[in-house]
Amino acid sequence: MAALRWLTPRKQSATERSVQAGAAAAEAAESALATLAAEHGADTGHDADAAAGTADARSAADAAREASAAAPDAPVARDARAAAFFDLDNTVMQGAALFHFGRGLYKRKFFHKRDLLRFAWQQAYFRLAGAEDPAHMRDARDSALSIVKGHRVEELTSIGEEIYDEYMADKIWPGTRALAQAHLDAGQRVWLVTAAPVETATIIARRLGLTGALGTVAESVDGVYTGRLVGEPLHGPAKAEAVRALAAAEDLDLSRCAAYSDSHNDIPMLSLVGHPYAINPDTSLRRHARAHGWRLRDYRTGRKAARIGLPAAAGTGALAGGVLAAVAVRRRRR
């Protein structure tokens, strides 16, 4: 999540844009579920991608069960009104999904070295200044969105499938995957909640056999990206708003739900549920979790692991954080 921090204000209260982003993410997640249900209800045949995703999900589930030592301290109860919400970066996956996706797009020549240098400079400016000027952030975000503007949703989705296999599949934390599987085995729904593009997040969720994903939503018209976000990146308070909206749509009781994250930026989301967990926590979240009696899990080997994904922020990671907040979809019909 550090890769996206430079694009969003540090303010932790919900704003109109974060509420809008949360509602858009929940709507996209519900739409994806409905589409999946319709496809499976209408035809028992699956295309090659769907079959591959199912096979990947079964393999991931088997691997998760083998990591039984990482299961929750107590068995997960069967509860139709409970669900689990997992942050993605450094919680489920080592490093940032945006960074991995950025590597794939750069390899496919979606942007040039001059773009890389421009975004790296903007990232350095924000880090050195110690403050995020709204005008500078807006300029950086608009420049990033312009890279995917005009590309078709299907094109980026197809590329996302390839990039998952190339860069992400072997980055899943077995311990966290076991936690997610425990909820699934109990019949609960499990959702990724991430600032990564909702299309990318949905691919990862499907490959892992999870229920679905809440992610950053970018506007598209007639299947083509417009270069505008719906609201803002799903980060900080926006994540909490997305979880709140999805819980209302799915008739979930948040006091019976669980949430998992590595970052203090997700304290708003973690505070919504009755069972918050700090996974591979940063210093601030570790401190907060201990003060509030939240459970902690750390699957990293040594303190150096706390820096996974961050050194790359000086280069391609900075560009990934900027460019790929946009690579998500909200289908609008004119």
Amide H contacts under 5 Å for Val230, placed H, 5+ residues apart: Val217, Ala218, Glu219
Whole-Hz ³J(HN,Hα) from phi, Karplus 6.51 cos²θ - 1.76 cosθ + 1.60, for region 173-188, glycine and proline x: 6, x, x, 5, 4, 5, 4, 4, 5, 4, 5, 4, 5, 8, x, 8
Computed FRET value (nearest 0.05) for Thr283 with His40, which takes r as the C-beta separation and R₀ as 35 Å: 0.20
Burial ranking of peptide ranges 237-243, 175-181 (average Cβ count within 10 Å, highest at the top): 237-243, 175-181
Percent carbon-and-sulfur accessible area, region 193-299, ignoring ligands, DNA and RNA, probe 1.4 Å: 48 percent
Whole-Hz ³J(HN,Hα) from phi, Karplus 6.51 cos²θ - 1.76 cosθ + 1.60, for region 213-224, glycine and proline x: 8, 10, x, 5, 10, 10, 6, 9, 10, 6, x, 10
Peptides 256-263, 77-84 ordered by average Cβ neighbours within 10 Å, highest first: 256-263, 77-84
Ala186-Ala80 pseudo-label distance in nm [points 7 Å out on the Cα-to-Cβ vector]: 1.7 nm
Cross-link table Lys109/Lys171; Lys109/Lys239; Lys107/Lys149; Lys113/Lys239, entries beyond 26 Å C-alpha to C-alpha: Lys109/Lys239; Lys113/Lys239
Residue-wise HN-Hα coupling along region 284-289, computed from phi with Karplus coefficients 6.51, -1.76, 1.60 (Hz; x: Gly, Pro): 5, 5, 4, 5, 5, 4
Glu166 paired with Val221, simple spin-label distance in nm, labels 7 Å along Cα-to-beta-carbon: 3.1 nm
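The values are calculated or read from the model by the stated rules, or taken from the named source; none is laboratory data. Note that the structure is predicted; figures quoted are calculated from it, not measured. FYI the Cβ positions are ideal-geometry reconstructions off the backbone, even for glycines, and counts take in every protein chain you see. Keep in mind that these areas ignore ligands, DNA and RNA; they rest on the heavy atoms of the full protein, side chains included. Shrake-Rupley method; radii C 1.70, N 1.55, O 1.52, S 1.80 Å.
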